[in-house]
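Structure, as structure tokens:
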Amino acid sequence: MDFYVSWSHSDALYSDYFESCPLLISAISRNTYALKRFKKVPLKLIIDSGAVFYAKKNLKYKVKDIFEEQLKLATPLLNKCPITLVHVDEPLLNKKTVSEKFDAVQKTIVNAQEYMNLSKRNSIVQENKLSIMGVIQGYDLPSLRFSIFELQKLGYVKFGIGSLLGKSVDVQIELIKFASELVGAENLHVFGVTGIPQIKEMKNMKIASFDSSRPTKAAIYHQVFYSDPFQTFVIDQSKIDKRQGQRLDAPLACDCPICKINQNDIFNISHRKYTLLRSIHNYYHFSKTINRIIHEEVTSDVISNVLRS
């Protein structure tokens, strides 16, 4: 099971520090040339459509424009690492009624057809053997099944599942398992997982991959991770609400690339550069914990967190 760290133009350059570091990046304008900043190529790359960004901003989009934006992002890394392009879905974000939700599912399928046609006609995709991922959208089992079957009819063999935000733990896991049984767990990516317990459950299910922005977001909110066991602390000098978690007033022993140089840097909240260093520290402990999970026999039940909208 692969862990992709969700990355944007202003985030830490994770793959410069960690060779085995797959990235997920969204095809929005501020990210267009961001990958050129890396000194080391990421192990693998997923280029998301940025559909959630467009939905949150209530922006209109054209499938062709987003597809071309994805190719701009992919071009510097062609033949340097495996690249997967994610088709343009219509998120269920802010969709309240069943009619609105089903319209979004249908729009996702319409987009999927246009996207598949664009990819088949594009020489860059064909010559460089870029993978194409279809996004499964659904709000219950029948709509999920409909979405999957329509994507399969269009020729998709690699899938990502979203639309799990706000659902209960049992429903989230039910939908992931249901999707994995229809498309094959080895063909399924789960968008935006953050919690350790559900990562354990997905490992048991043999899900192909998942992504998370948790190391970056935690760093922004003055949180530091440690492993063995995995723990999250709020930096004591921060003004972040004390109810957000256990506080720590000094760094613990750590052999991450940042702490080997100066462990006090991760506790410095005075400048953005320290947020980036804290992100690297957090990624080290988060990925270390995930690698342990992947290589252990895990049978625990899942307690879910928010996945993806």
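We did not get these values from a lab; they are worked out from the coordinates using the rules stated. Everything numeric here is computed off the predicted structure, so don't read it as measured data. Ideal geometry is used to build each Cβ from the backbone, glycine not excepted, and the neighbour counts take in all protein chains shown.
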- The helix 196-205 Cα axis meets the longest alpha-carbon principal axis of the chain at an angle in degrees, between 0 and 90 and rounded to 10, of 40
- Sparse-neighbourhood loop sites, GluC sites (Glu not before Pro) in the stretch 5-109 - DSSP loop, at most 10 other Cβ within 10 angstrom: E19
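Can you give the calculated 222 nm mean residue ellipticity of the chain, where each DSSP H run of n ≥ 4 adds -39,500 (n - 2.57) and the sum is split over every residue, rounded to the nearest 500 deg cm²/dmol? Walk me through the numbers on the way to the answer.
Details: 11 runs with 124 residues, N = 309.
Taken over the chain, the calculation gives -12000 deg cm²/dmol.
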- Phi angles of the stretch 89-99, converted by Karplus (6.51 cos²θ - 1.76 cosθ + 1.60, θ = phi - 60°) into ³J(HN,Hα) in whole Hz with x for Gly and Pro, give 8, 10, x, 7, 3, 6, 8, 9, 8, 4, 4
- If amide H atoms are built 1.01 Å from N in the plane of the peptide, which residues on other chains or at least 5 residues away come under 5 Å of the amide H of D2? S209, F210
- Estimated inter-spin distance, D170 and K62, nm [label 7 Å along Cα→Cβ]: 4.8
- Message: For K260, give me every one of the lysines with a C-alpha distance below 19 angstrom, ignoring sequence neighbours fewer than eight places off in its own chain.
- Response: K273, K288
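Can you give the charge dipole size of the chain about its Cα centre, rounded to the nearest 20 debye, using +1 on the beta carbon of Lys and Arg and -1 on the beta carbon of Asp and Glu? Please report the intermediate quantities before stating the final value.
Values: 41 positive and 31 negative charges, 181 e Å.
With only Lys, Arg, Asp and Glu charged at Cβ, the dipole is about 860 debye.
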- Message: On C-alpha positions alone, give me the angle between the axis of helix 141-153 and the longest principal axis of the chain, in degrees, nearest 10.
- Response: 70
- Item | Calculated from backbone phi, Karplus (6.51, -1.76, 1.60) coupling profile of the stretch 103-117 in Hz, x at Gly/Pro | 4, 5, 4, 5, 4, 4, 5, 4, 4, 4, 5, 4, 5, 4, 4
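Convex hull over the alpha-carbon atoms of the stretch 1-88: what's its volume per residue in Å³?
Details: hull volume 8.3 nm³, N = 88.
Hull volume normalised by residue count: 94 Å³.
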- Query: Under 12 Å from the Cα of K64, which aspartates and glutamates turn up, not counting those fewer than eight places away in the same chain?
  - Reply: E114
- In nm, what is the difference between 0.36 nm times the number of residues separating K36 and D140 and their Cα-Cα distance? 33.4 nm
- Query: From the cross-link list K62/K129; K60/K203; K167/K203; K44/K120, which pairs have alpha carbons spaced over 28 Å apart?
  - Reply: K60/K203
- Task: Quote the FRET efficiency, to the nearest 0.05, computed for Q237 versus N291 with a Förster distance R0 of 25 Å and r equal to the Cβ-Cβ distance.
- Result: 0.20
- For the stretch 47-57, 3J(HN,Hα) per residue [Karplus equation, 6.51 cos²θ - 1.76 cosθ + 1.60, θ = phi - 60°, Hz, x = Gly/Pro]: 10, 6, 7, x, 4, 5, 4, 5, 5, 5, 8
- Query: How big is the Kirkwood radius of the chain, worked out from every pair of different alpha carbons and given in Å to one decimal?
  - Reply: 20.1
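Given axes a ≥ b ≥ c from the Cα gyration tensor, I'd like to know whether the stretch 77-221 is rounded (a/c under 1.5), prolate (a/b larger than b/c) or oblate. The partial results should precede the final answer.
Values: a/c = 1.58, a/b = 1.15, b/c = 1.38.
Since a/c reaches 1.5 but b/c is at least a/b, the shape of the stretch 77-221 is classed as oblate.
What is the extension gain from K260 to L78, computed as 0.36 nm multiplied by their sequence separation minus the C-alpha to C-alpha distance, in nm to one decimal?
Working: separation 182, 0.36 × 182 = 65.52 nm, distance 3.37 nm.
The K260-L78 span can extend by a further 62.1 nm.
I need to check one value: relative contact order of the chain, counting alpha carbon pairs closer than 8 Å and at least 6 residues apart, in percent. Mind dumping the intermediate values first?
Numbers: 565 pairs, mean separation 53.6, N = 309.
This gives 17 percent for the chain.
What chymotrypsin sites (Phe, Trp or Tyr not before Pro) in the stretch 37-69 are in a loop by DSSP, with at most 15 other Cβ atoms within 10 Å of the Cβ? Can you show the working numbers first?
Values: sites: F38, F53, Y54, Y61, F67; in loops: F38, Y61.
Listed in order of number, the matching sites amount to none.
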